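Shown next, in structure tokens, is the structure this report addresses.
The values are calculated or read from the model by the stated rules, or taken from the named source; none is laboratory data. No experiment lies behind these values; they were computed from the predicted model shown. We place every Cβ from the backbone using ideal geometry, glycine too, and count neighbours over all the protein chains shown. Surface accessibility is based on the protein's heavy atoms, side chains included, excluding ligands, DNA and RNA. Shrake-Rupley method; radii C 1.70, N 1.55, O 1.52, S 1.80 Å.
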Amino acid sequence: MAELHFFTGTMDSGKSTLALQTNHNHAARGRVGRIFTTHDRAGQAVLSSRLGLTHDALEVDSDFDFWKYVVDTLTRGGRIDYLICDEAQFYSAAQIDQLAKVVDELQIDVFAFGILTDFRTQLFPGSGRLVELADRMNVLQVEALCWCGKRATHNARTENGAMVTDGEVVVVGDVDQADEPPADVAYEVLCRQHHRRRLTAARAKAVSLAPEPLPFG
Ligand SMILES: Nc1ncnc2c1ncn2[C@@H]1O[C@H](COP(=O)(O)OP(=O)(O)O)[C@@H](O)[C@H]1O
Ligand SMILES: Cc1cn([C@H]2C[C@H](O)[C@@H](COP(=O)(O)O)O2)c(=O)[nH]c1=O
């Protein structure tokens, strides 16, 4: 039986790497797949992993119809055994419904990868629909870590080094590896407590270096 799989984790937890590995393993056994992504950091129509691997992909724009694409391909004699769908948080709820229909009606496996929540801690529409519809939901085993050492569960956005909670939902960017000077817009993965307190690594460092008044008069 084909299934709709959803693999999720924070930014930088290895989702795109796993997407490429999944494709590699299925292709190595002679299965024929299609790779989709949207708004990848590396540009249009490419799926990229921070480990350096990339693969050509089909770019999913807002009016792309997965059901129509697959049915058209099969009707023209093409073969599709599975779909790899990266950055699935950016897909619309309707596109996730199309993926579920592809699984149920055409017995084609779908492997979707994406972050659950945005920089405001709210579910992306595509991810929310995947949580509702997926046969299997898997949280990535490689844990991204907050600066404090706890498991990172949230994606923070920083602007010029300061964490923000207002702005456009979709802004392509990368995790800020303590860049100096900080990027205009970057991301940092945090545990919930430090996301709530807006305590990024840079701010925690600044606070810890601030001179402390002695407890004497
Ligand atoms: N230089 C490196 N050496 C080993 N692992 C790395 C290196 N750079 C990145 N990684 C691994 O790659 C992961 C990010 O992979 P990626 O697939 O791009 O993540 P995601 O798609 O979830 O944002 C990191 O969590 C880390 O485990
Ligand atoms: C939290 C958040 C992220 N994004 C963007 C930033 C990146 O381009 C992708 C996530 O990619 P990754 O492979 O999981 O690192 O999403 C965004 O647009 N809005 C957000 O709130």
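Within the option set L4, L20, L58, being within 11 Å of ligand 1 (Cβ to nearest atom) and either among the aliphatic types (A, V, I, L, M) or within 16 Å of the chain's Cα centre (by Cα) (or both) holds for one residue only, L20.
Tallying residues that are within 14 Å of ligand 1 (Cβ to nearest atom) and open to solvent by 70 Å² or more (accessible area, probe 1.4 Å) within the range 145-171 yields 2. Taken as a whole, the range 162-179 holds no residue that is touching a Phe, Trp or Tyr at 6+ places or on another chain (Cβ under 7 Å), small (G, A, S), part of a strand (DSSP E or B) and within 13 Å of ligand 2 (Cβ to nearest atom).
Condition check for S48 on (1) of a type in the set (S, T, N, Q); (2) within 13 Å of ligand 1 (Cβ to nearest atom); (3) farther than 30 Å from H194 by Cβ: one failure, at (3).
Go through the residues of the range 161-169 one by one and say whether even a single one is of a type outside the set (F, W, Y) and under 14 Å from the mean Cα position of the chain (by Cα). Even if it seems obvious, please write down each step before you answer.
Within the range 161-169, the subset of a type outside the set (F, W, Y) is 161-169.
Still in the list and also under 14 Å from the mean Cα position of the chain (by Cα): 169.
Yes, the range 161-169 contains at least one residue that is of a type outside the set (F, W, Y) and under 14 Å from the mean Cα position of the chain (by Cα).
Taking S48, is it in contact with an Asp or Glu (Cβ under 8 Å, 6 or more places away or on another chain), of a type in the set (S, T, Y) and on the phi < 0 side of the Ramachandran plot? In short, yes. In the range 67-82, the condition of being among the basic types (K, R), in contact (Cβ under 8 Å) with a residue 12 or more places away in the chain and under 24 Å from R196 (Cα atoms) is met by no residue. If you take the residues of the range 180-199 that are assigned to a loop (DSSP other than H, G, I, E, B) and modelled with pLDDT under 95, which of them is most open to solvent (accessible area, probe 1.4 Å)? The qualifying residue most open to solvent (accessible area, probe 1.4 Å) is E180.
Report those helices (runs of 4 or more DSSP H) wholly inside the range 1-107 carrying at least 3 residues which are acidic (D, E), more than 16 Å from ligand 2 (Cβ to nearest atom) and open to solvent by 30 Å² or more (accessible area, probe 1.4 Å).
Those helices (runs of 4 or more DSSP H) span 93-106.
Only a single item in (1) touching a Lys or Arg at 6+ places or on another chain (Cβ under 9 Å); (2) farther than 25 Å from T153 by Cα; (3) among the β-branched types (V, I, T) is not met by T54, and it is number (1).
Going by the structure shown, is V142 more than 16 Å from ligand 1 (Cβ to nearest atom), outside any helix (DSSP H, G or I) and under 26 Å from L53 (Cβ atoms)? Against the criterion (more than 16 Å from ligand 1 (Cβ to nearest atom), outside any helix (DSSP H, G or I) and under 26 Å from L53 (Cβ atoms)), V142 does not qualify.
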